[in-house]
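Notes follow once the structure below has been shown.
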Amino acid sequence: AMEDTIEVSAAVAGVDAAARTMTIRTDAGEEFALDVGPEVRNLPQVQVGDRVVVRYREAIGATMRRDGDPTAPTVDLSADRAAAGARPGASATATATEPVRIIAVDPATNVVTFYDSDKLVRKLQVRRPEAQAWIRQLKPGDEVVVTYTESVAVSVEPAAK
């Protein structure tokens, strides 16, 4: 299993709750005007100086598929947003699980060739050393269950005092 999270933030430079717009300023001084849709709850709570924080998480895991494993391809989606009265925020997550059959592993380039349920041949270059070590155990015909998750969360956090 491997995962990475990236976080970026910007300061709120202006809010017009009636027009549902917000201006944010990056740490480098760039400003962006944003339209804030009606699905964003609690906009009037946002104040100049608050931080808009976006976190992106990506994770992938792989396990050898055992005989009789009934895992089928699936995609799960979920989303959430702030409750009425809470600070504005939202999140969305997608998780895909897919059994794949290994065609080849090239240890010189760390490329794994496989096909999944759609029977299309795919190649994936593995970049992380721990994953490169793991793929060296794979051989043609092996079945692996791969789970890939990505999520994004946006929150408005109070200005530091």
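The values are calculated or read from the model by the stated rules, or taken from the named source; none is laboratory data. What you are looking at is a predicted structure, and each value in this text was computed from that prediction instead of being measured. All Cβ positions, even for glycine, are placed from backbone atoms using ideal geometry, and neighbour counts span all protein chains on display. Accessible surface is based on the protein model in full, side chains and every heavy atom, while ligands, DNA and RNA are left aside. Shrake-Rupley method; radii C 1.70, N 1.55, O 1.52, S 1.80 Å.
Key figures for this structure:
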| read-out | value |
| --- | --- |
| Volume per residue of the C-alpha convex hull in the stretch 1-75, rounded to whole Å³ | 140 |
| Rounded accessible area of VAL8 (nearest 10 Å², 1.4 Å probe) | 80 |
| Accessible area in the full protein assembly, largest first, 1.4 Å probe, for THR21, THR63 | THR63, THR21 |
| For the stretch 88-100, 3J(HN,Hα) per residue [Karplus equation, 6.51 cos²θ - 1.76 cosθ + 1.60, θ = phi - 60°, Hz, x = Gly/Pro] | x, x, 7, 8, 8, 9, 10, 10, 10, 10, 8, x, 10 |
| ARG65 long-range amide H proximity, modeled H, under 5 Å | GLU143, VAL144, VAL145 |
| Accessible area (Å², 1.4 Å probe, nearest 10) - GLU98 | 40 |
| Among PHE114, THR21, PRO129 - extreme Cα towards positive end, dipole of the chain, charges at beta-carbon | PRO129 |
| Accessible area of TYR56 in the full protein assembly, 1.4 Å probe (Å², nearest 10) | 80 |
| For the chain, calculated [θ]222 nm from helices alone, where every DSSP H run of n ≥ 4 adds -39500 (n - 2.57) | -1000 deg cm²/dmol |
| Low-density loop positions, trypsin sites (Lys or Arg not before Pro), the stretch 10-70 - DSSP coil, at most 13 other Cβ in 10 Å | ARG66 |
| Paramagnetic reach from THR149 in the stretch 1-17 [backbone N under 14 Å; point 7 Å along Cα→Cβ] | 1-5 |
| Scattering profile of the chain at q = 0.18 Å⁻¹ [log10 I(q)/I(0), Debye over alpha-carbon scatterers] | -1.01 |
| Per-residue ³J(HN,Hα) for the stretch 6-13, Karplus 6.51 cos²θ - 1.76 cosθ + 1.60, θ = phi - 60°, Hz, x for Gly and Pro | 10, 10, 10, 8, 8, 7, 6, 9 |
| By accessible area with a 1.4 Å probe, ligands and nucleic acids excluded, highest first: order of PHE114, PHE32 | PHE32, PHE114 |
| Heavy-atom SASA rank of MET64, MET22 (probe 1.4 Å, accessible area, largest first) | MET64, MET22 |
